[in-house]
Each structure stands twice: as C-alpha cells, then as structure tokens.
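The structure appears below as structure tokens.
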Amino acid sequence: MNLKRTTLIPLDDDSLAESIFKSFIEKEMMLLMVIIGDTDTIREAIPKADNLAQLSYFKMERWVLWVRNYEILSETLKKHLKASDADKSKEDYNNIKCLCFSPILDKVDGIILKNAELSYASLQQSFFKAQAHDALAVNI
Amino acid sequence: MYYLKRISTLVLVCFTIGIQAQIISVIENDKDQKRTISLTDKQIVDINSSLEIQLSKLQLLDAIQQQFPQLKQHLELESKLIKLQQALRNQSAVISILEKQLATASEQATFFEIMNGFLTDIQNDPLLNERYNDLMAKFFSTDTFAPGTVPEPYIFSNLNNDMLQIEQELASLEADIYAVSVLAFKKDSSGGDRVHIQNYDTYTNRDYVTIKRWVTSLSTEQKQQLEALNDIAKQNNLKKTNVFNELKIKLLEEFKSITCIKDFKNNSIEFINNIQLNDVVPTEVKNKIEQLNLLITRFETLFLLLKTDMDQWQITLLLDIKSEVETIVTLLKTIDTNFSDVTTLINQTRVKTKFMPLVSEFNTCYATINKDFETLKQGAALLFNLQNNYIANKAIGTEVLAFTLDNLPDKGYINLKGTGQRKNGDELLIELVLRLPSAVENAPEQVVTIEQREFIMQLTGPRSEVAIGLIFANPINKEDLNLQNDRNFFYTPSAALLLKFGSNKSHFYNDFLDFGIGLNFATPDFNTDGTPEFGTGIITTAFKNIISAGVNYNLTLDSFYWFFGVNLPFNLPGIPINNIKN
C-alpha cells in the first residue's frame, strides 16, 4: 500500500499516538479524516481515502489518520464526539468507522457508521461535511 | 404475540406501500403559510389558496413499471436518465464556484451543500455509485491524475456523456411510446369545470374570484355583476351550440350531389336489365355489373344513414359521423375501381356504345360526390374542434400538455382564485394520467389514471356569514310586560351576523357541526299591537344554522327574552318554519 497522505497511528504506544494525533489536529487549515479498524473493507477504503486526501478545495489540506483498533485514542476521540453536534455523533463509538475533523474549529462531522459503505462517494462526502462545518468561518 | 407481530408487520408494509404510492404531493400556500397535505391529512384546502403540485418522478416510474411491465426497457433507461438529471441538476453552479480563484464563504457553503446533495444521490443508486467509484479510480490512476486538480469536472463530463448516450438509446426505441399528463377539475353542484395548472396545461384561468371572508350582505352591484355574468355564460353556451348548428346545416345544404347517384343507379339497373337478355354480353361482364349494382345499393343505404345521422347530429357524437364518412369514402373508391373494370370489359363487347352515356354520367357524378365529401371532411374537422372545446371537462383537450418522464416539470401551480365561482364544499380533483397511443389506427388514445387526489375547498379560518330565519322568542319577565297573549313563545323573524370557523382538519366539523356565534337582530311583536318591536342580542348556531339559540334585548319594551330557532332545510306541513337563507 503506497500511501501518500495517510499516517498510521501506532498501536503499542498510547502517548506517541496521542502526540501524533495532537500534532495533526493542531495544524490549521487541515481536514483530518480518522478511519478506525483494520478489516478487509477498511484496507480497501484506505487507498481511496488517501487518494481523496490529495485533493484540496478552497486551499484546505487533507490528511488521513488510520487508527487500526478501537482502543487506541478512544478516549480522545470519544471526547471530540461528545462535543460534536453532527449527525450520528451520539452513536456508540464502537459503531463508527470513519469521522472527519473540520479544518479550523476541529469539530467532528461526516461520521460514517460500520454498517455503511466506505466508497469514494461516502468518503468524499465525509470530507465535504467537515469542511462545510467551517465554511462560514472562512474570512473571504 | 406471534399474531401481533404479523399484524404490525402487515400494517407497516401497507403503510409503506401507501407512502410509496404517493406520486402527487400537494402544498397549500395560504397567506404565505405553506402546508403539505399528506394522504393521511384531511383533504381540505382553503378556497382562496394557491396550490403547489409536486410530482415524484421516481415514484411515477415505479407505478408505471408495476402497471405496464411491457414498458420495462424504456422505463429503465428513463429511470437512469432521471437519476442522472437529478444528480447533475446543479453541476454548472459547482463548476462555476470551482473556477473562481477566491470563492466567498457563502459560495463555499453553496458548493458544499450542492456536493452533499450530489453525493447523496450518487450513494442512493447502486449503479451510479459504482459508476462514480470507477470514474474516481480512473481519475486517480497515475496516468491521468495531476496534483492540484479536482475530479468534479471529469466526473460531470463523463456523467453528461452517459446521459447523452441514454438519450440516444431512448431515441432509437419506438417514439412516443407513452406520455404523462396532469389534469385538474372542479366539481360542484352544477357539474364541473376544468382547472388550469400552470406548467401542465395551456388553459386560461376562469374568472378571477376571491371568496370573501367577511360578508355582511350581498350588495346590489354584486347582484348585478352576478346576473351579468350569468347572462354572459348563457350567451356563450348558446353561441357555442349555434355555431355547431350553423355549420351542420351548411354542410347538409352543400351536400346535394347525392341525387346524381340515385339517377345513375336507376340508369345502371335499366342497363343491366337490358343486357341480361343479351347473349352477346359475356357472363363475366354481367356478373361484374351486378356486383357494381350491389355496391351502389350499399352506398345509397350508407349515405341515407349518414344523412339521417347528420340531421340528428349531436355535438357530443362526432366520432360516429367521422367513421361513417370514412366508410363511405372507401366504398366510393371501390365503386370507382369496379366501374373501371366494368368499362374495360364492356369496351370489348358490342354494347360499348350503349354503355358510353352511363360512363360519362358516372364520371361526372363521382367527381361531384368526391368534391362534396372533401367539403364534408373539412367541415367536420371544424366541428371536431368545437367538440373538443365543448367536452373539455371529460376528454383531454389539446391544451393539456403531454410529457415524457425526462421533460415532465417537477412542479405545477393552481391558483384557486382563478377557477371562477365556487363555494364551500366544492371539490377539486387532480389526476395524473398515462396516455398510451391506441394500437388501432384513428382510435382514441388509451388514458390510464395513475394517481388521483381529491380535495374539498373550504373557506378555512374565521369568516362571517349572514343568516335569516325564524326564531321562537320567550320573554324572560313575562309578568312584568303585562302581555295580553298567554303564549310562551312568539314567532319572530330574525337576521344574524355570524362569525364562523372553517376547519382544514375536519370534514365532520365543516359539513355537520359548523358552529357560529354572532349578533342577532329580530322584530318580535310581544304586545301583539301589529307594530314590530326591535330586539338585538347574542346568537349561537350549530349544524349549518339549523339550530340556533340566544338571548336578545327587546329595545322597544325594555326587556330580555331568550330564543331558539329550528330552521329545517325542508318545509313541514302546518309549521311556519322557513328554509335557511344565507
């Protein structure tokens, strides 16, 4: 898997995982997609998400974080989900396989549940939903 | 428990089918307030509102597919086309925003809103989703992907090509396989009338009438206007029938040439009788002439029938005449062919010279008849147009537009104020029909109603009404009045100005309860001196003003009285109760 804009979160070091996540979330003007799990469908979806992360709309960068299990970063992600008012944000964390952070306010949006397909369309929609969250906060 | 589950599943399935079956959605726009009238709501619309008719093309497609499986191939293509059209409806806005160097915040918001809708449409259709995935995979393939570009122009361009391809495939299928039309009618006690739906037909609106909410009386001007409108309507109706009758008489007058066929027939019979005895004439010729004679007899019978039918011709029965004319014209052609055959055969015999005058007579007569039939056909065409207008309420006139699924407008509008005179309780019928061409030539098209919505028009919300009737008045302090009459109740004419409410949720309330409250004015004669007194007070009514009750104050005698009224909508012998007059 030749990934250009995807970072794999380490599973054996909680503090390193936290600091990697923190470093990405603190980047301004960057949309961050988090894909959770390590199933066949997730492995098929990662290259698609990586491809989509190469796109940039209205000068916003994109990046993908691959969190390969539901333990690592769970507390941090749950905290962000709790603070979110996005559709499906109140779902059980273990039932979510993809979410996106908005580029400026770092709010969670574009949540995809386990029973949904990770296609180009759904992943692109997830990126767009997160970016749309902060669209009106853009000063132009 | 098991049966409960089964029943609830069945109810759920029925409910889902019910929802799926809804192709026509109606949104009432009354005083800038919009209300969607679902199938489960009471089908009541405000009599002065305007309606927005929305059609779900995908539901329509499903309904057609279920009823007409033979159209499967056509419908599948149309379904794909509609889904693509739906997904790409805002593509130009997306491209335009993407082309901007610096899109504003609101433009970006618009972009994301459109793209969200587009991607939802894509995911809702498995075929489109697959196509989108393929196109994205191709876009990101190392050969074509250039960093810094976005896939939308590439995706839209390919999907547009898909649409063109489907359109070509549709065009290659049989043209005009079916058409869809939307019709609306108003049904009232006098019959009904068609109603114009903007976008779906080219009818003009009827008289623009707003049903007044606050009525205190019928003014003289209104009465005159009503009478004038009534006269105009009568004149128009009369005029329509007169034009038809004039054309009919003219056609019959011009159609005199038939006398020549009678003469010809008599002469031909004489000729045949003469040659029957002549052995020189071959049997073949004799048979042919007899055959011709039979044809002429048949023609004569048919013509007499046509003439009788034309004389009794009704504006609603034009198609019968049309088919009669066509039969006669065909028969005339057969006679002409037969006559040519006879002429050829006779020319080879010795009776040729005797036959020549008959040939000349036939040719002249045939030419005249042909000319007259041409006039008849032209005249009939005019009459057919008249008929179309005359029975426009029953047939689908040319004003009703026929659409295919891809050019069917999503929305249509009815302004109820433009539907002419109407009253509470009148019905509005909206129909979605499928029009299939007939398999038989010249036969009318097959019209199948796919969905129908029926509404009751009602002045909803508060309104005023004037009611006149008899009340039974009972003085409260009868002893103080020192009346000569011992009766407890006095018949008293009264008039009331009532405040009423029309409901858009209950037919039972509108049609039956119909409560009212207001001011009552009455002229009782408690002291029976022949001079009416004047009383006024509060009245309440129910059941369409049939029952009323209230309290009045007799201003002449300075006393209160209570009253009730029973204004039955029919007369009972011996009881001076009048009909309700509003």
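No lab work stands behind these numbers, since they all come straight from the coordinates. What you are looking at is a predicted structure, and each value in this text was computed from that prediction instead of being measured. Quick reminder, even Gly has a Cβ in these numbers, built from the backbone with ideal geometry, and neighbours come from all protein chains shown.
Label separation (B:Asp188 vs B:Tyr491): 3.4 nm, computed from points 7 Å beyond Cα along the C-beta direction. Taking a straight Cα-Cα cut-off under 15 Å and skipping sequence neighbours fewer than 8 places away in the same chain, the aspartates and glutamates within cross-link reach of B:Lys83 are B:Asp62, B:Asp121, B:Asp125, B:Glu130, B:Asp162, B:Glu167, B:Asp406, B:Asp410.
How about the range A:1-78: which trypsin sites (Lys or Arg not before Pro) there lie in a loop by DSSP and see at most 12 other Cβ atoms within 10 Å?
Numbers: sites: A:Lys4, A:Arg5, A:Lys22, A:Lys27, A:Arg43, A:Lys48, A:Lys59, A:Arg62, A:Arg68, A:Lys78; in loops: A:Lys4, A:Arg5, A:Lys27, A:Lys59, A:Arg68.
Passing both the DSSP loop test and the Cβ count: A:Lys4, A:Lys59.
How much net charge surrounds A:Glu61 when only other residues with a Cβ under 12 Å from its Cβ are counted (Lys, Arg +1; Asp, Glu -1)? Local charge sum for A:Glu61: +3. With the simple model of a label 7 Å out from the Cα in the direction of the Cβ, B:Lys352 to B:Arg213 spans 9.4 nm. Placing R0 at 25 angstrom, the Cβ-Cβ distance between B:Gln291 and B:Glu361 gives a FRET efficiency of 0.85 after rounding to 0.05. Calculated FRET efficiency, A:Asn94 to B:Ile517, Cβ-Cβ distance, R0 = 41 Å: about 0.10 to the nearest 0.05.
Which net charge results when you count Lys and Arg as +1 and Asp and Glu as -1 among the other residues whose beta-carbon is under 12 Å from that of B:Ser464? Show your work: numbers first, answer last.
Numbers: positive: B:Lys212, B:Arg213, B:Arg463, B:Lys500; negative: B:Glu465.
Combined, the nearby Lys, Arg, Asp and Glu give +3.
Label-to-label distance, B:Leu483 versus B:Lys505, with points set 7 angstrom from Cα along the beta-carbon direction: 4.3 nm. Fewest neighbouring Cβ atoms within 10 Å first, the residues B:Leu39, A:Leu118 line up as B:Leu39, A:Leu118. Counting 0.36 nm for each residue step from A:Thr39 to A:Arg5 and taking away their Cα separation leaves a gain of 10.2 nm. In the structure shown, the pairs B:Lys262/B:Lys288; A:Lys59/A:Lys79; A:Lys48/A:Lys82; A:Lys88/B:Lys411 are assessed against 22 Å; a Cα-Cα span above that value is assigned to A:Lys59/A:Lys79; A:Lys48/A:Lys82; A:Lys88/B:Lys411.
Cut-off is 10 Å between beta-carbons; in what order do B:Thr327, B:Thr419, B:Thr36, B:Thr283 appear when sorted fewest neighbours first? Working shown, then result.
Working: B:Thr327 15, B:Thr419 24, B:Thr36 11, B:Thr283 8.
The fewest-first ordering by Cβ neighbours comes to B:Thr283, B:Thr36, B:Thr327, B:Thr419.
Bridging of B:Lys286 to aspartates and glutamates at a Cα separation below 18 Å is possible for B:Glu270, B:Asp336, B:Asp341, once same-chain residues fewer than 8 apart are set aside.
Could you tally the net charge around B:Gly518, taking each other residue with its Cβ under 12 Å from the Cβ of B:Gly518, Lys/Arg +1 and Asp/Glu -1? List each step's numbers first, then the result.
On the way: positive: B:Arg463, B:Lys500; negative: B:Glu465.
Charge balance near B:Gly518 sits at +1.
Could you give the semi-axes, largest first, of the ellipsoid that matches the range A:6-134, computed as the square roots of 5 times the alpha carbon gyration tensor eigenvalues and rounded to whole Å?
On the way: eigenvalues 67, 55, 47 Å².
Whole-Å semi-axes of the equivalent ellipsoid: 18, 17, 15.
Out of the chymotrypsin sites (Phe, Trp or Tyr not before Pro) in the range A:58-113, which ones are loop residues according to DSSP with at most 16 other C-beta atoms within 10 Å? Write out the running numbers ahead of the final one.
Values: sites: A:Phe58, A:Trp63, A:Trp66, A:Tyr70, A:Tyr93, A:Phe101; in loops: A:Phe58, A:Tyr70.
Sparse-neighbourhood loop chymotrypsin sites (Phe, Trp or Tyr not before Pro): A:Tyr70.
Annotation: aspartates and glutamates with alpha-carbon distance below 17 angstrom to B:Lys307 (same-chain offsets under eight excluded): B:Glu246, B:Glu253, B:Glu254, B:Asp320, B:Glu324, B:Glu326, B:Asp372, B:Glu374. Placing R0 at 56 angstrom, the Cβ-Cβ distance between B:Phe564 and A:Ala83 gives a FRET efficiency of 0.25 after rounding to 0.05.
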